[in-house]
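Everything below concerns the one structure shown next.
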Amino acid sequence: MIKNKPLLVAFRLVLGGLFIYAGVVKVLDPLDFAQNIRNYRLVGQSLSFVVAVILPWLEILAGVALAAGIWKRASALIISGLLVFFILLTLITIARGLDIECGCFGALSRRSGFGVILEDLGMLFMGLCLLFAPGRRD
Amino acid sequence: MSETRKIVRQVLVIGALSVLLAAAVHFPLVKRFARGEFRETFLSPTEYPGIRLITIQEAEDLWAAGEAVVFDARLERLFRESHVPRARNLPATESKLKIPPDVLELQRERTLVVYCEGGDCQSSLALAKSLHDEGFEDIRVMTGGWEEWEKAGLPQEKGDDQE
């Protein structure tokens, strides 16, 4: 468990910032993100739309809360949960042999593959450190 | 225990706020969805006015008239097994797609028909978008794809590209 306070603050700002960015680019083009979700071929058209409209806001709010240090554990829990979900989704996509964009960062998205999993694992590490960090429970 | 309950409550509040913000900010889009839009494709008619979805029957008529250029967005292996006669293979895996120069030389008014495997395949839409981005004005996506073309007993051809 990491106890170094400045490092934990850096984790909060980096992880929160990344999630805010990821959410904002998706909010700007919800239909494009809906198509990205549809490309995974796991859920239908309607569910893809609903997820594309709500998920970016979840990313933004959790990111803002984490970066600002409000409800740190709750936001770290949401972000870690999302990352576990993204990792599983990417593994399923690789196993199914689909060659698609991950849809993670809007125009900066790239092929859904092991590179994306590594990035997600790095972010998950930060998320879990923050979730289980010692200190005042707010 | 109360700590866990507090975190769960906060997670639920963030979730509920996300739903509210999504509904408020995307209200016009949600209204269009409620009216029945985006049930077949997420292509916005204002953004992609040149792309239309067509049935197998319409695709067959266009193909039979010989005026449309047909593109098969499936993988090369599947294309070689069998495809719509005279179709060009442009495997449109969503992560990378380049339109070959000879296709770019086609007149932008030409009618283009694109298809993929069928079912919930999405690569024909990706190809249609790329063609639209290159300036093509009349792109028809054959919903039902190869699966329904084959099921309908329509003509087939084996082997590599004919063009």
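The values are calculated or read from the model by the stated rules, or taken from the named source; none is laboratory data. Here the structure is a predicted model, which is why all the values come from computation and not from measurement. Backbone-built Cβ (ideal geometry, glycine too); neighbour counts: all protein chains shown.
Here are a few things to note about the model shown:
- Residues that are farther than 17 Å from A:L131 by Cβ and of a type outside the set (S, T, Y), drawn from the range B:1-11: B:M1
- Unique residue being among the β-branched types (V, I, T) and in contact (Cβ under 8 Å) with a residue 24 or more places away in the chain when the list is A:I60, A:I54, A:I78: A:I60
- Residue list for the range B:43-62, restricted to those being assigned to a helix (DSSP H, G or I) and either surrounded by fewer than 17 Cβ atoms within 10 Å (Cβ to Cβ) or without any contact (Cβ under 8 Å) to a residue 40 or more places away in the chain (or both): B:Q57, B:E58, B:D61
- Going through (1) surrounded by fewer than 20 Cβ atoms within 10 Å (Cβ to Cβ); (2) in a helix (DSSP H, G or I); (3) out of contact with any Lys or Arg (no Cβ under 6 Å at 6 or more places or on another chain) one by one, B:S18 falls short only on (1).
- Among (1) more than 8 Å from chain B (Cβ to nearest Cβ); (2) at pLDDT below 95; (3) out of contact with any Cys (no Cβ under 9 Å at 6 or more places or on another chain), the one test that A:N36 misses: (3)
- Matching residues in the range A:39-78 - criterion: being touching an Asp or Glu at 6+ places or on another chain (Cβ under 8 Å) and either in a helix (DSSP H, G or I) or at pLDDT 95 or above (or both): A:N39, A:Q45, A:K72, A:R73
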